[in-house]
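What follows is one structure encoded as structure tokens, with my remarks underneath.
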Amino acid sequence: MYKDKVDEKIIGYLKEDSRKSFVDIGKKLKLSESAVRRRVKNLVDSGTIKKFTLELGEENSTSAIVLVSVDSATETSKVSLKLAKLEGVKTVYEITGQYDITTIMSASNIAEINNTIDALRKIPGVVDTNTVIILRKII
């Protein structure tokens, strides 16, 4: 679907706060509420917007970065897809360098992070991991 400057601005407002009302967005863009609603529906229908999410404050969660090495006989993309389905995995990146994949995990405590890492290590093709617990987010 073609996105114009107005669609890009709507996306920007929703990225800042997905709870922002269509009326408020419309006022900023000099559009009616129904025009904004229609544009957002089109963005969702076209797949440009996949989902609206909730982000908890850092005091409510523990996060980790896990670097993953994949056996050379295994397709990295297959491992990535399995990782993405694990509870607590928020993001999966295929990367270059010593490791093949990095994941960002989040859970309510370290024990849950550890359970996810245990499940990750059981995925066929995973040969090594390096986990870093995030202590504090600066920006």
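Within the span defined as the range 48-71, one or more residues are at pLDDT below 95, farther than 28 Å from Ile138 by Cβ and among the hydroxyl-bearing types (Ser, Thr, Tyr).
With respect to the conditions (1) touching a strand residue (DSSP E or B) at 6+ places or on another chain (Cβ under 8 Å); (2) at pLDDT 95 or above; (3) not polar (S, T, N, Q), Ile123 lacks only one, and its number is (1). Counting only strands (runs of 3 or more DSSP E) that fall entirely inside the range 37-134 and contain at least 1 residues that are among the hydroxyl-bearing types (Ser, Thr, Tyr) and open to solvent by 60 Å² or more (accessible area, probe 1.4 Å), the qualifying elements are 89-94. Would you call Lys85 touching a residue at least 24 places away in the same chain (Cβ under 8 Å) and of a type in the set (Lys, Arg)? The answer is no for Lys85.
The values are calculated or read from the model by the stated rules, or taken from the named source; none is laboratory data. In this text, all values refer to a predicted model and were calculated from it rather than measured experimentally. Neighbour counts are summed over all protein chains in view; Cβ atoms, including those assigned to glycine, are modelled from backbone coordinates with ideal geometry. Accessible surface areas use protein heavy atoms only, side chains included; no ligands, DNA or RNA. Shrake-Rupley method; radii C 1.70, N 1.55, O 1.52, S 1.80 Å.
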